[in-house]
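Worksheet: one structure, shown below.
The values are calculated or read from the model by the stated rules, or taken from the named source; none is laboratory data. Values in this document were obtained by computation on a predicted structure and should not be read as measured data. Methodologically, a virtual Cβ is constructed for each residue, glycine included, from the backbone with ideal geometry; neighbour enumeration extends over all protein chains shown. Surface accessibility is based on the protein's heavy atoms, side chains included, excluding ligands, DNA and RNA. Shrake-Rupley method; radii C 1.70, N 1.55, O 1.52, S 1.80 Å.
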Amino acid sequence: ENPVPEDPIIDTSTPIVILATTTVNLTVATSQETFSFPNLLVTACPETDISTVYTLNAMCALKQSGLTTDWTMSGEYMFLNSINSYANNWPVAVWNWFSNLEYGQTALNQHPLPTTTIENLLLTYDVLPLKISTNSSTPVVDSTTTITVEEFGFEGINAVWKPANDSNISINGGTEPNENGIYSLFITSTDPIVVFGSKPGFIPSATITIFPTAVTSPTTTEPATTTDPQPPAGGGGGGGNTNEPVSQEKINETVNKLITFIKSKQENDGKIVDGGTSDWLAMSFAAKNI
């Protein structure tokens, strides 16, 4: 007789933990080389070297990139010492980091990564970034659009963005000098225009595309049809206009009133106003058999 197999024993003492994940665009740049990790999948990691708490933070992205990193822990903060062979060497060169080109204000392990958007995480060593903007991405042909190239730097201990003096701007592959960081571009056609900024000692800016639009003719509006204003119905001075035919009874009533008024002005000798007027009124009276 075959033995009845026993039910498998399932260990439920250790719960299954599903760690949070997200995606980031990670760039690590030095004056010598650049490492790019677009759409890097990042999984939550211990918040510090000795923590049992897992969070989804910027340090996780760097550790999971495959680059060799070294850190110093101070309390709840993990400070970056080096990436590969590039170690902090104050004041010659140190690591800086940016989130969507906003300068990082805390340790990387304290910067949470978003889960609903893709963050652009940038780390730099002995170089700093540029950024570019335009006052219109759809300028009209035969107009001028302003392109601004800015450089990141420090004024004392304050992090600032300022116009990138003596930089260059690339326009559809050609290079133009940009003396004060602000470039006026005259739009001559509807062809797309690809631009980015560059400057020695800085990371080139992102590339932006401008899409000019044609000049549109003003819309011709047909003049509105106007009609002579009509007096209010029931008003004085001949009554209102209701666009309805006047009855013969109303006409006769009005004529009789006029004749009565004229006869009241007739003098004893039969004259009304003057001889000429009397003649015309006499013919009118005769027509009415008066």
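Could you please let me know if ILE187 is aliphatic (A, V, I, L, M), farther than 30 Å from ALA58 by Cα, in contact (Cβ under 8 Å) with a residue 12 or more places away in the chain and open to solvent by 10 Å² or more (accessible area, probe 1.4 Å)?
Numbers: aliphatic (A, V, I, L, M): yes; farther than 30 Å from ALA58 by Cα: yes; in contact (Cβ under 8 Å) with a residue 12 or more places away in the chain: yes; open to solvent by 10 Å² or more (accessible area, probe 1.4 Å): no.
No: the conditions fail for ILE187.
Out of the range 175-192, which residues are of a type outside the set (D, E, K, R) and closer than 16 Å to VAL149 by Cα?
Filtering the range 175-192 for residues of a type outside the set (D, E, K, R) gives 175, 177-178, 180-190, 192.
Residues satisfying the conditions are THR175, PRO177, ASN178, ASN180, GLY181, ILE182, TYR183, SER184, LEU185.
What pairs can you find where one residue is in the range 105-130 and more than 16 Å from VAL24 (Cβ to Cβ) and of a type in the set (Phe, Trp, Tyr), the other is in a loop (DSSP other than H, G, I, E, B) and open to solvent by 20 Å² or more (accessible area, probe 1.4 Å), and their Cβ atoms are less than 8 Å apart, with a gap of 6+ or different chains?
That search, which allows pairs on different chains as well, returns TYR125/SER31; TYR125/VAL94.
All but one of (1) without any contact (Cβ under 8 Å) to a residue 24 or more places away in the chain; (2) closer than 20 Å to GLU119 by Cα hold for VAL28; which doesn't?
Going through the list (1) without any contact (Cβ under 8 Å) to a residue 24 or more places away in the chain; (2) closer than 20 Å to GLU119 by Cα, VAL28 breaks only (1).
Given the conditions (1) surrounded by 19 or more Cβ atoms within 10 Å (Cβ to Cβ); (2) at pLDDT below 95, and given that ALA61 satisfies all but one, which numbered condition is not satisfied?
Of (1) surrounded by 19 or more Cβ atoms within 10 Å (Cβ to Cβ); (2) at pLDDT below 95, only one is false for ALA61: (2).
Can you name every one of the strands (runs of 3 or more DSSP E) wholly within the range 72-165 that holds 3 or more residues which are crowded, with 17+ Cβ neighbours inside 10 Å and at pLDDT 95 or above?
On the way: elements: 77-83, 95-99, 119-125, 128-134, 144-155, 158-163.
Here the list reads 77-83, 95-99, 119-125, 128-134, 144-155.
Within the range 38-70, track down each residue that is in contact with a helix residue (DSSP H, G or I) (Cβ under 9 Å, 6 or more places away or on another chain) and over 18 Å from PRO112 (Cα atoms).
Hit for the range 38-70 is THR69, nothing else.
Condition check ((1) in contact with a Leu (Cβ under 7 Å, 6 or more places away or on another chain); (2) closer than 30 Å to LYS199 by Cβ; (3) among the β-branched types (Val, Ile, Thr)) across all residues:
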site: LEU62; (1), (2), (3): yes, yes, no
site: LEU80; (1), (2), (3): yes, yes, no
site: VAL92; (1), (2), (3): no, yes, yes
site: TYR125; (1), (2), (3): no, yes, no
